[in-house]
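First the structure, in the form of structure tokens, and then the observations on it.
Here, each number is a calculation from the coordinates, and none is a lab measurement. Model, not experiment: these values are computed from the prediction. All Cβ positions, glycine included, derive from the backbone under ideal geometry; neighbour counts span all protein chains shown.
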Amino acid sequence: MPSSLGRRRVPGTALAVLLLAVAATGCGGGGSEVAEPRGAPKAVPKPLPATAGEVEAGMLTAEEMTGYRVVEVASWSEPRPPVGTQTFKPRACGVIAQPEGGAGAAVTYEHDGEPRDLHPRDITTTLYAKGEAARWMAELREAEGRCGTFRSESSFGDGVHSDKMTWLPEPDAGDEALRVERVTGAGEETTLHSLTTYVRTGDLVTAFHHRISYGPAIDKDHLAALLPRPDEALVDAQIAKLLGDRPA
């Protein structure tokens with residue numbers, strides 16, 4: 001006990017209360033811990049990007065994409081009009097057409113090296129109305145069991161396409177993530193093969209998209225080298241930058 005307490009008489013009941021209070025704070029017990037002050041402010045998470053400028057500032061730059069170079073950067077503040085309308089059979093598989101959002105930004109990049117990369121990739125981050133991103137991800141997740149194969153047709157009039165979807169293991173990123181491989185037979189001469197990873201962080205959805213096209217005469221070994229593959233380092237780097245210094 002501090003020596004000053006011995007200089008005055010303290011009633012027994014008050015002394016007992018005082019001793020309990022001292023013991024609770026660790027004083028007189030030899031402990032070195034200091035109690036945190038009451039009402040200490042808690043760390044407030046940094047808000048996620050909420051405008052086109054903020055989203056663009058959160059996209060990876062050429063210096064941050066080791067092994068890649070940036071080809072183009074774009075941003076928008078209003079929902080973008082669809083480039084074309086697609087119909088699906090069964091109709092339930094139309095969920096794979098990502099819904100329109102609000103503000104967003106996209107980066108087109110390619111492997112840094114020679115020969116020049118013929119199949120650029122895209123990272124697109126789109127801001128959705130509150131709850132819409134989570135709702136769409138839930139519908140996409142439900143499609144895993146019913147959209148292994150389907151047919152689609154675009155308004156460009158290039159015929160009916162046969163599609164095959166393969167749902168791949170999900171990366172551990174953001175609030176939730178999905179990864180899907182899509183092979184589309186676009187007539188007898190061309191096959192489109194894409195790999196897309198969707199990561200939701202709050203009301204933002206970031207899509208990592210890589211698509212190649214090839215004809216029936218392509219060498220199988222050459223095709224195997226071209227096929228899109230997951231790039232977890234790139235996914236982790238992009239999501240970490242969007243989150244900024246938000247505490248875990």
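Can you sort Val235, Val205, Val73 from fewest to most other Cβ atoms within 10 Å of each residue's own Cβ? Before the final figure, lay out the partial values.
On the way: Val235 21, Val205 27, Val73 15.
Fewest-to-most Cβ neighbours within 10 Å comes out as Val73, Val235, Val205.
Distances over 23 Å make up what percent of all Cα-Cα pairs in region 120-210? Could the numbers behind the result be given before it?
On the way: 1259 of 4095 pairs.
Everything past 23 Å amounts to 31 percent.
How would Asp163, Asp175 line up from fewest to most surrounding beta-carbon atoms within 10 angstrom? Don't skip to the answer; put the middle values down first.
Values: Asp163 20, Asp175 14.
Starting with the residue having the fewest Cβ neighbours, the order is Asp175, Asp163.
Show me the ranking of peptides 107-118, 140-151, 92-103 by mean Cβ neighbours inside 10 Å, starting with the highest.
Numbers: 107-118: 13.2, 140-151: 14.8, 92-103: 17.5.
Taking the mean over residues of other Cβ atoms within 10 Å, the ranking is 92-103, 140-151, 107-118.
Mind running the shape call on region 52-243? Use the C-alpha gyration tensor, a ≥ b ≥ c as the square roots of the eigenvalues: rounded below 1.5 for a/c, prolate if a/b tops b/c, oblate otherwise.
Numbers: a/c = 1.60, a/b = 1.12, b/c = 1.43.
Verdict is oblate for region 52-243.
Calculate, for Lys130 and Leu227, the FRET efficiency according to 1/(1 + (r/R0)^6) with r their C-beta to C-beta distance and R0 51 Å; round to the nearest 0.05.
On the way: r = 37 Å, r/R0 = 0.73.
It comes to 0.85.
Taking the alpha-carbon distance from Lys241 and a cut-off under 27 Å, which lysines remain once sequence neighbours fewer than 8 residues away in the same chain are dropped?
Lys42, Lys46, Lys130
Rank the residues Glu232, Glu139 as a footprinting-exposure proxy: fewest other Cβ atoms within 10 Å of their Cβ go first. Write out the running numbers ahead of the final one.
On the way: Glu232 11, Glu139 14.
Least crowded to most crowded, the residues run Glu232, Glu139.
Just tell me which aspartates and glutamates come within less than 16 Å, Cα to Cα, of Lys220; anything on the same chain fewer than 8 places away is out.
Cα-Cα hits under 16 Å: Glu189.
As an exercise, take the mean of 1/r over every pair of distinct alpha carbons in region 74-149, invert it, and state the Kirkwood radius in angstroms. Numbers along the way, then the final one.
Working: mean 1/r = 0.0676 Å⁻¹.
After inverting the mean inverse Cα-Cα distance, the result is 14.8 Å.
Determine which lysines satisfy two conditions relative to Lys89: a Cα distance under 22 Å, and not lying fewer than 8 residues away in the same chain.
Cα-Cα hits under 22 Å: Lys164.
Please compute the net charge surrounding Ala207, taking Lys and Arg as +1 and Asp and Glu as -1 over other residues with Cβ under 12 Å from its Cβ. Mind showing how you got there, number by number?
Values: positive: Arg121, Arg179, Arg200, Arg211; negative: Asp122.
Counting the neighbours of Ala207, the net charge comes to +3.
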